[in-house]
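Okay, so here's the structure we're looking at.
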């Protein structure tokens with residue numbers, strides 16, 4: 001996209017048309033996501049995966065089938081095939097989780113995405129695949145000396161056509177009427193005797209078909225590769241946040257807007273073009289938090305989650321037990337080797353990361369899908385201070401996390417304007433923006449090569465010393481956050497999670513409380529990141545990537561979302577398993593993804609949640625003063 | 001007495017949606033310790049009116065004054081800070097917290113300790129929380145998770161929470177909706193008793209005419225957004241305009257007959 005000779009006006013026109021062409025795929029995927037969300041209320045994270053499978057299958061078919069018919073037929077057949085896969089996924093997995101909390105739905109579909117990433121590599125290999133060009137659209141059209149690929153023109157025409165077809169489908173068919181009705185009130189539609197199961201399945205099939213079609217149509221423009229799912233899903237999240245989730249016209253307008261911002265952003269900020277999209281998104285969120293064409297959601301009928309076990313501080317016996325565990329953990333260097341100590345340090349850092357997310361997610365009810373951004377910012381903060389300013393380690397450890405704190409303060413301010421799935425999508429998009437900056441701004445961050453040589457000072461350099469340092473900080477952080485859960489602020493935060501309406505009616509500024517929690521969680525994650533930079537001796541964009549964000553979510557989930565200290569257990573178990581798994585198999589994403597889906601479907605309370613439930617059941621089974629008898633008397637009061 | 005500003009003074013409150021005048025020029029006032037019922041048929045503008053008092057909704061014109069201070073258009077949390085407690089038509093509580101914790105949240109907010117990160121919340125104003133719960137007859141339920149409570153108990157909990165900031169005024173939107181007849185009487189008796197003891201003004205909307213006529217000191221009647229009657233229960237009951245509005249529902253007749261028979 002460098003400046004070329006020719007009249008500048010023509011150049012801008014071509015740039016504009018390129019943007020419009022890029023909008024086509026984005027619109028197809030985003031509209032599919034919106035349609036599915038409208039009816040099922042599921043934000044289908046796996047939508048990017050369906051887009052990717054569509055591209056891969058279309059690649060294979062268009063290579064095998066010859067001629068014009070072969071190409072276009074291949075594209076349509078690919079989209080249909082993926083729609084069938086979608087139907088199977090819907091029937092086998094999603095039907096089990098329609099009534100689960102949003103977080104679980106997002107995680108389950110994310111687990112699917114991870115599985116698909118490995119499966120695709122298994123089937124098609126890790127290399128980029130360059131597909132055929134579209135028959136009939138191979139050339140370019142000359143526009144005042146600038147070239148416009150004719151396939152781009154085809155895509156530019158395609159989006160409004162698809163928009164029109166969707167409009168007809170929803171306005172003119174019986175199925176469309178049912179879908180619109182279900183979007184308004186699905187319980188009412190069910191009460192009217194419509195078979196909801198098949199309505200949901202068909203809607204999901206249509207949505208997946210659109211995503212796969214979007215992927216298949218990308219073949220002549222872009223290489224097919226196994227990371228295209230995450231790239232598209234993040235852009236799609238940005239599109240639906242701007243356009244309004246559930247609105248097809250919103251998806252169209254926002255897809256065009258985002259694509260144009262990308263096309264022209266490269267001219268204005270060549271290094272960090274993504275900034276422009278972020279600024280527009282922030283502006284839209286301030287003016288219209290529900291998107292340009294979205295409607296404010298009525299507050300969801302409040303379900304008290306999975307359990308209503310009240311939280312309580314540890315008893316003195318439990319405190320002693322926790323202290324004893326910590327002391328035992330501190331003896332590790334007496335008998336373990338250097339490798340085990342490095343693993344131990346990494347686990348301790350994971351505990352810091354997990355408890356920081358837990359504070360935001362379980363205590364505050366704000367499930368961030370981009371928490372790694374603040375972890376990574378803490379790591380980069382240390383790297384900048386150590387490498388550029390040459391400050392000593394102790395100063396870096398204290399100041400480095402402030403970068404995470406600042407990032408959380410800026411992004412958190414916007415994120416807490418929203419809640420639920422919007423919050424999840426927005427935090428993910430923010431994290432991806434931070435990742436892009438780290439990746440693209442090579443002169444400052446070193447881009448993909450990262451920043452190397454961030455070594456700890458001599459007092460912390462030996463594995464045992466570093467382990468003690470990490471363990472000590474992890475213990476302090478865990479204790480501090482736990483104390484905060486039972487502080488007046490912690491009560492206020494839980495209050496905003498349970499009912500914003502009631503919170504505001506007792507004088508609580510819910511957004512400010514949530515923002516504060518976001519900054520606390522981000523700063524804490526930054527502390528973890530700062531240690532991590534010293535542990536690895538280097539910082540890379542992956543330190544703030546999506547997979548790390550998901551690691552944190554899984555750690556919290558595995559330990560038990562609704563417990564006070566599940567995150568600690570979850571982090572230890574998950575990190576140990578993960579390190580072991582990576583050393584054992586090349587298909588770690590497949591196993592991990594399957595693992596996530598499994599937890600969500602059969603094990604939603606997590607380890608600590610399960611233990612609490614078992615303990616409670618035992619207490620009920622052997623009653624000292626027979627609570628079975630006590631209960632009716634109590635309720636008769 | 002007449003020189004001091006009334007607890008609540010509402011002047012010319014007006015709100016319309018599109019061409020529909022939901023509330024038109026409604027004025028009334030409320031004294032400390034007085035229990036005032038706002039009644040009217042469905043769609044009369046009660047809820048719109050109510051929401052403009054508690055900050056949920058902004059009037060097109062008109063003023064709301066609390067002890068002489070203008071609160072028009074302020075946010076719910078600001079109005080709470082001025083000494084207004086409220087309960088909701090459909091209860092809003094903190095479902096995963098215990099009954100005591102629900103009250104403590106309000107006490108924390110009242111004590112301006114919301115951003116206190118290090119104190120111990122379980123011990124925060126524990127005595128006061130206990131007293132408030134005793135006051136509404138929920139003392140024995142303090143450690144129960146709020147999500148397990150029966151609906152009537154949730155209503156009583158809301159009352160305890162609403163009293164946590166030592167309010168001068170209580171706004172109760174259909175306080176007895178969804179309750180059994182026996183519970184309704186109990187809750188309103190309790191509210192009336194507390195209001196008189198602490199000299200709190202109470203404004204409530206209500207559909208149950210038995211509750212209204214038994215507990216209200218004064219009644220204002222809305223119909224199609226305008227105030228059509230105001231006065232003591234006896235005056236309102238005898239008002240032909242009110243009777244015309246309510247005739248279809250037959251509630252007034254019933255209430256009137258019962259009272260007449262017992263007198």
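Can you find, within the stretch B:143-180, the residue that is modelled with the highest pLDDT among those that are away from chain A (no Cβ under 14 Å) and out of contact with any helix residue (DSSP H, G or I) (no Cβ under 8 Å at 6 or more places or on another chain)? Going through the qualifying residues, I end up with B:168. In this structure, residue B:85 does satisfy being more than 8 Å from every other protein chain (Cβ to nearest Cβ) and closer than 23 Å to residue B:206 by Cβ.
Can you pull out every residue in the stretch B:63-82 that is away from chain A (no Cβ under 14 Å) and in contact (Cβ under 8 Å) with a residue 24 or more places away in the chain? Once the filter is applied, which keeps residues that are away from chain A (no Cβ under 14 Å) and in contact (Cβ under 8 Å) with a residue 24 or more places away in the chain, the stretch B:63-82 yields B:63, B:64, B:65, B:66, B:67, B:68.
Among the residues of the stretch B:111-142, those identified as more than 23 Å from residue B:186 (Cα to Cα) and either facing chain A (nearest Cβ under 7 Å) or modelled with pLDDT under 90 (or both) are B:113, B:114, B:115, B:116, B:117, B:118, B:119, B:120, B:121, B:122, B:124.
Tell me, yes or no, whether the stretch A:190-200 has at least one residue that is surrounded by 13 or more Cβ atoms within 10 Å (Cβ to Cβ) and not in a helix (DSSP H, G or I). Within the stretch A:190-200 (the criterion being surrounded by 13 or more Cβ atoms within 10 Å (Cβ to Cβ) and not in a helix (DSSP H, G or I)), the answer is yes, since at least one residue qualifies.
All conditions but one from (1) at pLDDT below 90; (2) in a loop (DSSP other than H, G, I, E, B); (3) surrounded by 15 or more Cβ atoms within 10 Å (Cβ to Cβ) apply to residue B:47; the one that does not is (2).
At the interface with chain A (Cβ under 10 Å from one of its Cβ atoms) and buried (at least 18 other Cβ atoms within 10 Å of the Cβ): does that describe residue B:37? Considered against the rule, which asks whether it is at the interface with chain A (Cβ under 10 Å from one of its Cβ atoms) and buried (at least 18 other Cβ atoms within 10 Å of the Cβ), residue B:37 comes out as no.
Set side by side, the residues A:521, A:517, A:505, A:533 differ, and just one is within 14 Å of another protein chain (Cβ to nearest Cβ), surrounded by 24 or more Cβ atoms within 10 Å (Cβ to Cβ) and touching a strand residue (DSSP E or B) at 6+ places or on another chain (Cβ under 6 Å), which is A:505. Got at least one residue in the stretch A:4-12 being assigned to a helix (DSSP H, G or I) and crowded, with 23+ Cβ neighbours inside 10 Å? No: zero hits. For the stretch A:464-499, the tally of residues that are buried (at least 19 other Cβ atoms within 10 Å of the Cβ) and more than 7 Å from chain B (Cβ to nearest Cβ) stands at 17.
I want to confirm something. Restricting to the stretch A:272-290 and keeping residues that are over 12 Å from residue A:261 (Cβ atoms) and in a helix (DSSP H, G or I), which single residue is modelled with the highest pLDDT? In this case the residue turns out to be A:287. If the condition is being more than 20 Å from the chain's Cα centre (by Cα) and outside any helix (DSSP H, G or I), then the stretch A:563-606 contributes A:563, A:564, A:565, A:585, A:586, A:587, A:603, A:605. Every listed requirement among (1) modelled with pLDDT of 90 or more; (2) in contact with a strand residue (DSSP E or B) (Cβ under 7 Å, 6 or more places away or on another chain); (3) within 30 Å of residue B:24 (Cβ to Cβ); (4) at the interface with chain A (Cβ under 9 Å from one of its Cβ atoms) is met by residue B:60 save one, (4).
Exactly one residue out of A:179, A:224 is in contact with a strand residue (DSSP E or B) (Cβ under 6 Å, 6 or more places away or on another chain) and under 21 Å from residue A:83 (Cα atoms), and it is A:224. Evaluated against (1) within 14 Å of chain B (Cβ to nearest Cβ); (2) in a helix (DSSP H, G or I), residue A:552 falls short on exactly one condition, (1).
The values are calculated or read from the model by the stated rules, or taken from the named source; none is laboratory data. All of these numbers come straight from a predicted model, not from anything done at the bench. When we count neighbours, we look across all protein chains shown, and the Cβ atoms used for this are built from the backbone with ideal geometry, even at glycine.
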